[in-house]
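Peer 1: I have a structure I would like to understand better, so I am pasting it below and will then ask my questions one at a time.
The values are calculated or read from the model by the stated rules, or taken from the named source; none is laboratory data. This is a predicted model, so every value here is computed, not measured. Glycine also receives a Cβ, built like all others from the backbone with ideal geometry; neighbour counts cover every protein chain displayed. Just the protein is used for accessible areas: all its heavy atoms, side chains included, with ligands, DNA and RNA removed. Shrake-Rupley method; radii C 1.70, N 1.55, O 1.52, S 1.80 Å.
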Protein chains: 4
Amino acid sequence: MSNFVYRRQFAIEWGHCDPAGIVFNSRFFEFFDWSSWMLFEAALGVRPGDLAKTFGIIGIPLVDAKARFLRPAKFNDMAEIASEISRFGRTSFDVQHRISIAGELAVEGSETRVWATQDPDDATRLRGLPIPAEVIGRFQAA
Amino acid sequence: MSNFVYRRQFAIEWGHCDPAGIVFNSRFFEFFDWSSWMLFEAALGVRPGDLAKTFGIIGIPLVDAKARFLRPAKFNDMAEIASEISRFGRTSFDVQHRISIAGELAVEGSETRVWATQDPDDATRLRGLPIPAEVIGRFQAA
Amino acid sequence: MSNFVYRRQFAIEWGHCDPAGIVFNSRFFEFFDWSSWMLFEAALGVRPGDLAKTFGIIGIPLVDAKARFLRPAKFNDMAEIASEISRFGRTSFDVQHRISIAGELAVEGSETRVWATQDPDDATRLRGLPIPAEVIGRFQAA
Amino acid sequence: MSNFVYRRQFAIEWGHCDPAGIVFNSRFFEFFDWSSWMLFEAALGVRPGDLAKTFGIIGIPLVDAKARFLRPAKFNDMAEIASEISRFGRTSFDVQHRISIAGELAVEGSETRVWATQDPDDATRLRGLPIPAEVIGRFQAA
């Protein structure tokens with residue numbers, strides 16, 4: 001049994017890059033975020049905009065994000081990002097992202113997200129809900 | 001009688017700039033947007049987050065934005081932006097923005113925004129409301 | 001004879017959207033910019049990163065940008081952007097962009113760009129060069 | 001002996017926030033980056049644009065970035081970020097950033113950066129240089 005992996009390719013745009021001619025670091029966290037949404041769509045067949053409603057959650061908010069920058073991604077490079085769930089906890093999970101340029105790993109990162117609902121005692125706060133077994137099962141493609 | 005002008009100064013950050021070492025164009029529209037909110041706060045004494053509630057509107061959505069780029073703004077430059085209402089229509093208004101670097105005009109732009117409410121017949125659409133005379137009056141500082 | 005049109009489709013991401021749940025205006029100028037690069041690649045067969053070197057220019061810097069926002073683009077929408085050169089001047093040109101959601105025009109905008117070299121008398125300034133006839137010819141697909 | 005701490009305050013802008021009405025995660029990495037530049041300016045008295053030239057380096061590129069999101073930062077919040085060097089290695093260092101809203105810690109993060117020059121054997125790669133003792137000394141304010 002192995003993890004479901006979502007892959008997409010995208011170009012490094014002029015507007016992604018800084019005066020050193022390489023992708024400005026915050027952009028990688030944009031790439032990660034969108035791949036997490038797309039990973040869920042690919043595994044569950046639920047579009048990003050319908051995820052909360054379908055599962056009775058408020059969303060999958062981020063509580064932790066990190067990245068290691070191994071090689072620069074430059075204007076005009078074609079990047080591939082591969083994303084998978086690397087850990088399912090009871091109410092949270094980790095998404096691992098690997099961005100490669102021309103087959104070489106350029107950036108690796110991860111996000112920790114919560115399967116969240118509104119706290120019934122305090123509408124301004126969130127609370128984790130147990131992640132349904134059916135959701136977890138969908139990410140464990142045979 | 002002259003227009004109320006809101007001014008602020010800010011640094012050109014590394015992350016604002018592109019591989020040519022100058023501010024990437026979309027950033028200027030971020031600078032404009034925030035100055036429009038701050039212009040309203042300065043003239044009306046109402047914080048951005050309270051504007052809608054205070055005046056019974058849904059917001060001041062943008063329907064048109066433009067910019068002319070006269071001189072480059074570079075990493076490490078100190079910029080000044082001056083913003084004022086250049087036109088009040090019945091339900092819309094224009095905000096003019098001028099960004100200067102070292103006293104020289106670098107970018108000039110404008111936004112057209114609507115004093116908007118939800119369309120009572122179609123919740124997915126907006127409708128302009130007449131801009132209150134008291135609001136207009138506040139921008140015409142003696 | 002008609003203009004060469006470059007089209008691409010892309011999803012409206014969570015990170016593109018503001019608290020109103022619609023695309024924040026500056027993002028459209030990012031979409032425009034990248035489509036202009038891709039339009040040149042599609043018409044000339046020259047990758048964005050090679051454009052300057054191939055034609056002996058420093059780039060195609062933006063001197064003017066504008067957009068009209070007709071309908072909101074929301075998280076999870078699939079957008080199509082169609083871009084074409086709407087005017088060739090001697091040393092500058094206009095790119096027109098139209099973004100549609102579900103077949104309805106949502107945003108239209110344009111950019112004015114210069115076919116630019118460094119000013120020989122002042123390395124900090126740019127100067128327009130005549131756009132080669134062969135370049136113009138490539139955008140006028142029969 | 002204690003670390004030199006650089007603090008700045010800034011407003012959470014409309015354009016920083018996502019459809020949940022809170023700051024989109026990538027923006028925090030923009031805030032971190034700029035505070036690192038400003039920390040160096042504050043400690044060394046060297047403006048960001050002059051840092052490389054002054055010390056004979058190519059820059060202080062990021063090799064690692066991370067953030068933990070403890071409380072949401074919302075539109076209209078006033079944020080304070082406090083930044084300091086938490087580790088000096090031989091050729092790299094860590095910058096720790098703490099963002100507070102109304103006195104409560106909202107986000108904490110860190111960056112690892114390299115005191116870098118171009119690799120003499122391969123111009124496309126960077127190499128760490130020993131961080132000068134005088135630089136380290138400036139961050140250890142009595």
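Peer 1: Name the most mobile residue of D:120, D:48, D:132, meaning the one with the largest mean-square fluctuation, in a Gaussian network model of chain D with Cα contacts below 10 Å.
Peer 2: Result for chain D, Cα springs under 10 Å: D:120 fluctuates most.
Peer 1: Put a point 7 Å out from Cα along the line to Cβ at residue C:121; what are the distances to that point in the other copies, in nm, shortest first?
Peer 2: For residue C:121, the inter-copy label distances come out at 4.9, 6.1, 7.5 nm.
Peer 1: Magnitude of the Cβ-charge dipole of the stretch D:18-63, K/R +1 and D/E -1, about the Cα centre, nearest 20 debye?
Peer 2: 120 debye
Peer 1: Okay, moving on. Can you list the equivalent-ellipsoid semi-axes of the stretch D:43-94, largest first and in whole Å, using the square root of 5 times each Cα gyration tensor eigenvalue?
Peer 2: So the equivalent ellipsoid measures 28, 16, 11 Å along its semi-axes.
Peer 1: So what's the net charge close to residue C:131: Lys and Arg +1, Asp and Glu -1, counting the other residues with Cβ under 14 Å from its Cβ? Mind dumping the intermediate values first?
Peer 2: Details: positive: C:87, C:90, C:113, C:127, C:138; negative: C:94, C:134.
Neighbour charge sum, excluding residue C:131 itself: +3.
Peer 1: Please report the net charge: other residues with Cβ closer than 10 Å to the Cβ of residue A:29, K and R +1, D and E -1.
Peer 2: -1
Peer 1: Of C:2, D:110, which has the most accessible area with a 1.4 Å probe, and how do the rest follow in descending order?
Peer 2: Ranked list, largest accessible area first: C:2, D:110.
Peer 1: Amide H neighbours of residue C:106 under 5 Å, at least 5 residues apart or on other chains, H built in the peptide plane: list them.
Peer 2: C:99, C:100, C:101
Peer 1: At 7 Å along the Cα-to-beta-carbon direction for both residue D:10 and residue A:52, put a label point, then send me their distance in nm to one decimal.
Peer 2: Going by the 7 Å Cα→Cβ label model, 2.6 nm.
Peer 1: Counting alpha carbon pairs within less than 8 Å and at least 6 residues apart, what relative contact order, in whole percent, applies to the stretch A:43-141?
Peer 2: Reported relative contact order: 28 percent.
Peer 1: What is the sum of charges, Lys and Arg at +1 and Asp and Glu at -1, for the other residues whose Cβ falls under 10 Å from the Cβ of residue B:64? Spell out each step's value before the answer.
Peer 2: Details: positive: B:66, B:113, C:66, C:68; negative: B:94, B:111.
Around residue B:64, the surrounding residues sum to +2.
Peer 1: List the residues, sorted by chain then number, that are 5 or more residues from residue A:59 or on another chain and whose placed amide H is less than 5 Å from its amide H.
Peer 2: Here the answer is A:116, since their amide H atoms fall under 5 Å of that of residue A:59.
Peer 1: Right, next: Compute the Kirkwood hydrodynamic radius of chain D, taking the inverse of the mean of 1/r over all pairs of distinct Cα atoms, and give it in Å to one decimal.
Peer 2: Mean inverse Cα-Cα distance, inverted, gives 16.0 Å.
Peer 1: Report, in degrees rounded to the nearest 10, the 0 to 90 angle that the Cα long axis of helix A:25-44 makes with the longest principal axis of chain A.
Peer 2: The angle comes out near 50 degrees.
Peer 1: Okay, next question. Specify, for chain D, the residue whose C-beta is closest to the rotation axis mapping it onto chain B, with the distance given in whole Å.
Peer 2: Chain D residue with minimal Cβ-axis distance: D:10, 5.
Peer 1: Now for a different question. The stretch D:53-131: D in µm²/s via Stokes-Einstein (Kirkwood Rh, Cα pairs, 25 °C, 0.890 mPa s)?
Peer 2: Here the translational diffusion coefficient equals 172 µm²/s.
Peer 1: Here is a follow-up. Quick one: with label points 7 Å out along Cα→Cβ, list the inter-copy distances for residue A:136 in nm, shortest first?
Peer 2: Shortest to longest, the spacings are 4.7, 6.3, 6.7 nm.
Peer 1: Now a separate question. In whole Å, what is the distance between the alpha-carbon centres of the stretch B:1-50 and the stretch A:58-122?
Peer 2: For the stretch B:1-50 versus the stretch A:58-122, the Cα centre distance is 31 Å.
Peer 1: Separate question: In whole percent, how big is the carbon plus sulfur part of the accessible area of chain B, probe 1.4 Å, protein atoms only? Numbers along the way, then the final one.
Peer 2: Working: 2980 of 6210 Å².
Percent of accessible area from carbon and sulfur atoms in chain B: 48.
Peer 1: Need one number for the protein assembly as shown: average projected area of the convex hull over its C-alpha atoms, nm².
Peer 2: For the Cα atoms of the protein assembly as shown, the hull's average projected area reads 30.2 nm².
Peer 1: Related question: Could you work out [θ]222 nm for chain C from helices alone, using -39500 (n - 2.57) per DSSP H run of at least four and dividing by all its residues? Round to the nearest 500 deg cm²/dmol.
Peer 2: -6500 deg cm²/dmol
Peer 1: Classify the stretch C:85-142 from the C-alpha gyration tensor, please: rounded if a/c falls under 1.5, else prolate or oblate depending on whether a/b exceeds b/c.
Peer 2: oblate
Peer 1: A further question on this structure: Under the convention of a label 7 Å out along Cα→Cβ, give the distances in nm from residue C:89 to the same position in every other copy, shortest first.
Peer 2: Result for residue C:89, in nm, nearest copy first: 2.7, 5.2, 5.8.
Peer 1: Measuring with a 1.4 Å probe in the full set of protein chains, what accessible area per residue, in whole Å², belongs to chain D?
Peer 2: 44 Å²
Peer 1: Largest first, how would C:108, A:111 line up by accessible area (1.4 Å probe)?
Peer 2: In descending accessible area the options line up as C:108, A:111.
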